[in-house]
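Below is one structure; the comments refer to it alone.
The values are calculated or read from the model by the stated rules, or taken from the named source; none is laboratory data. Please read these numbers as outputs of a predicted model, since none were measured by experiment. Virtual Cβ from ideal backbone geometry, glycine too; neighbours counted across all protein chains shown.
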Amino acid sequence: MSILIVDDSTENLLLLQSILQTGGYKDLLTAESAAQAFKHLGMDDSGGDGVDVDLILMDIQMPDINGIETCRRIKEVERLRDIPIIMVTAVAQREKLQLAFAAGAMDYINKPVNKIELRTRVGSALKLKQEMDNRKAREQELKKRTQELEQALKEVKVLRGFIPICASCKKIRNDRGYWQLVEAYIREHSEAEFSHGICPDCIKKFFPGVEPG
Amino acid sequence: MTQTCDPNPGDKIIVHVDTDIKELVPGFLKSRQKDVKSLLAAVERSDYETIEALGHTMKGDGGGYGFHAITDMGGSLEKAAANKNLQEIRKWVKQLSVYLECVEVVYK
């Protein structure tokens with residue numbers, strides 16, 4: 001699973017990379033600004049799709065666009081909305097953290113970073129992301145199966161309920177209001193096929209000289 | 001908590017740093033030395049915004065590398081710059097400079 005680290009301090013980027021790599025997280029991307037982060041995520045005007053990222057570690061205090069605003073913009077993009085964002089920050093003010101959570105951050109880690117805390121929080125966040133991805137995949141599968149089932153049900157031909165039939169000629173009134181031969185109606189509404197013959201009564205009636213077999 | 005160097009020559013401040021980040025430490029300390037120059041220049045022109053930003057960065061980065069004193073000094077610089085207190089700023093820039101001269105890293 002991949003992690004994007006966003007921080008304008010090169011030293012902090014190097015530090016977080018080192019801590020995470022020695023902790024077993026090998027798939028790491030870095031960005032020194034919001035603009036670089038947007039580029040990685042395919043949010044810029046370059047037209048690229050961006051890379052798939054499973055977690056973002058975001059510094060709050062950055063020049064130009066700060067981490068809170070960056071978080072908010074990422075969360076506005078539907079395909080990126082479920083990526084957990086953890087703020088990594090030396091900013092202790094409660095208001096800033098509240099703003100970060102309001103912008104969509106899921107957690108925060110204080111700077112200076114403690115390696116055990118960082119690895120633990122990253123591990124938890126990635127586990128949560130994995131479970132969310134699994135759930136989404138199951139939902140997609142379920143949706144597909146439901147659609148297939150609904151389609152199959154539409155195609156099932158079953159005769160049920162009251163069927164309006166002429167008491168004289170035995171024609172049946174179909175769903176469109178037209179009277180049609182009983183064979184035609186049954187063919188349309190079932191999987192049945194017909195093999196034609198003549199009953200003994202009709203043989204006597206229409207072929208008086210012929211003995212029924 | 002800030003451990004600063006006594007002006008007596010030969011004094012050293014030992015800092016124990018995780019061996020995992022051994023390769024990053026020289027670059028980190030070099031950057032702090034550059035910061036001292038930048039801070040002195042910023043003091044000359046009373047550029048509190050730059051001082052505050054540099055202080056904030058040091059506050060965030062120092063302890064992660066094992067240099068908790070740098071975190072403390074960075075925080076103090078940040079606060080002094082926010083209060084536009086040039087005297088305090090000068091004091092902490094001096095402390096930082098002396099600290100960087102005295103610090104000796106031991107990897108564990």
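Here is a yes/no grid of residues against (1) surrounded by fewer than 20 Cβ atoms within 10 Å (Cβ to Cβ); (2) more than 30 Å from residue A:22 (Cα to Cα):
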| site | (1), (2) |
| --- | --- |
| A:41 | no, no |
| A:45 | yes, yes |
| A:63 | yes, no |
| A:77 | yes, yes |
| A:89 | no, no |
| A:105 | no, no |
| A:116 | yes, no |
| A:128 | yes, no |
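Checked against the criterion of being outside any loop (DSSP other than H, G, I, E, B), over 30 Å from residue A:83 (Cβ atoms) and of a type outside the set (A, V, I, L, M), the candidates A:157, A:204 yield just one match: A:204.
None of A:51, A:113 is modelled with pLDDT under 95, of a type outside the set (Asp, Glu), more than 30 Å from the chain's Cα centre (by Cα) and not in a strand (DSSP E or B) except A:113. Of the listed requirements (1) closer than 22 Å to residue A:8 by Cα; (2) within 14 Å of another protein chain (Cβ to nearest Cβ); (3) touching a residue at least 12 places away in the same chain (Cβ under 8 Å), residue B:107 misses just one: (1). Against the list (1) out of contact with any Lys or Arg (no Cβ under 9 Å at 6 or more places or on another chain); (2) more than 10 Å from chain A (Cβ to nearest Cβ); (3) among the aliphatic types (A, V, I, L, M), the condition residue B:53 fails is (2).
Do we have residue A:96 as closer than 20 Å to residue A:10 by Cα, assigned by TED's automatic domain parsing to the domain that holds residue A:9 and not polar (S, T, N, Q) here?
On the way: closer than 20 Å to residue A:10 by Cα: no; assigned by TED's automatic domain parsing to the domain that holds residue A:9: yes; not polar (S, T, N, Q): yes.
Answer is no for this residue.
Scanning the range A:19-44 for residues being of a type outside the set (Phe, Trp, Tyr), within 14 Å of another protein chain (Cβ to nearest Cβ) and assigned to a loop (DSSP other than H, G, I, E, B) gives a total of 3.
Select from the range A:91-103 the residues that are within 14 Å of chain B (Cβ to nearest Cβ) and surrounded by 15 or more Cβ atoms within 10 Å (Cβ to Cβ) and write down the one among them that is farthest from residue A:7 (Cα to Cα).
Here the answer is A:96.
Among residues of the range A:1-18 that are assigned to a loop (DSSP other than H, G, I, E, B), those with a Cβ under 8 angstrom from a residue that is among the small types (Gly, Ala, Ser) and surrounded by fewer than 20 Cβ atoms within 10 Å (Cβ to Cβ), sequence gap 6+ or separate chain, pair up as A:8/A:33. For the range B:18-69, the set of residues classified as free of Cβ contacts under 8 Å to residues at least 60 places away in the same chain, among the polar types (S, T, N, Q) and under 26 Å from residue A:17 (Cβ atoms) consists of B:31, B:38, B:57, listed by residue number.
So, in the range B:67-99, how many residues would count as being over 15 Å from residue B:47 (Cα atoms), of a type in the set (A, V, I, L, M) and away from chain A (no Cβ under 13 Å)?
Adding up the residues that qualify gives 2.
Table: residues versus (1) closer than 30 Å to residue B:74 by Cα; (2) among the hydrophobic types (A, V, I, L, M, F, W, C).
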{"position": "A:109", "(1), (2)": "yes, yes"}
{"position": "A:137", "(1), (2)": "no, yes"}
{"position": "A:147", "(1), (2)": "no, no"}
{"position": "A:159", "(1), (2)": "no, yes"}
{"position": "A:168", "(1), (2)": "no, no"}
{"position": "A:173", "(1), (2)": "no, no"}
{"position": "A:190", "(1), (2)": "no, no"}
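For every residue, the table says whether it meets (1) in a strand (DSSP E or B); (2) touching a residue at least 24 places away in the same chain (Cβ under 8 Å).
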| site | (1), (2) |
| --- | --- |
| A:47 | no, no |
| A:64 | no, yes |
| A:71 | no, yes |
| A:83 | no, yes |
| A:88 | yes, yes |
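Residue check: is residue A:107 free of Cβ contacts under 8 Å to residues at least 40 places away in the same chain, in the same structural domain as residue A:134 (by TED's automatic domain parsing), farther than 30 Å from residue B:50 by Cβ and in contact with a strand residue (DSSP E or B) (Cβ under 6 Å, 6 or more places away or on another chain)? Steps first, please.
Values: free of Cβ contacts under 8 Å to residues at least 40 places away in the same chain: yes; in the same structural domain as residue A:134 (by TED's automatic domain parsing): yes; farther than 30 Å from residue B:50 by Cβ: yes; in contact with a strand residue (DSSP E or B) (Cβ under 6 Å, 6 or more places away or on another chain): yes.
Yes: the conditions hold for residue A:107.
Within the range A:152-168, the set of residues being surrounded by 10 or more Cβ atoms within 10 Å (Cβ to Cβ) and out of contact with any Ser or Thr (no Cβ under 7 Å at 6 or more places or on another chain) comprises A:163, A:164, A:165, A:166. Does residue A:10 satisfy the condition of being facing chain B (nearest Cβ under 9 Å) and over 18 Å from residue A:67 (Cβ atoms)? Criteria not met by residue A:10.
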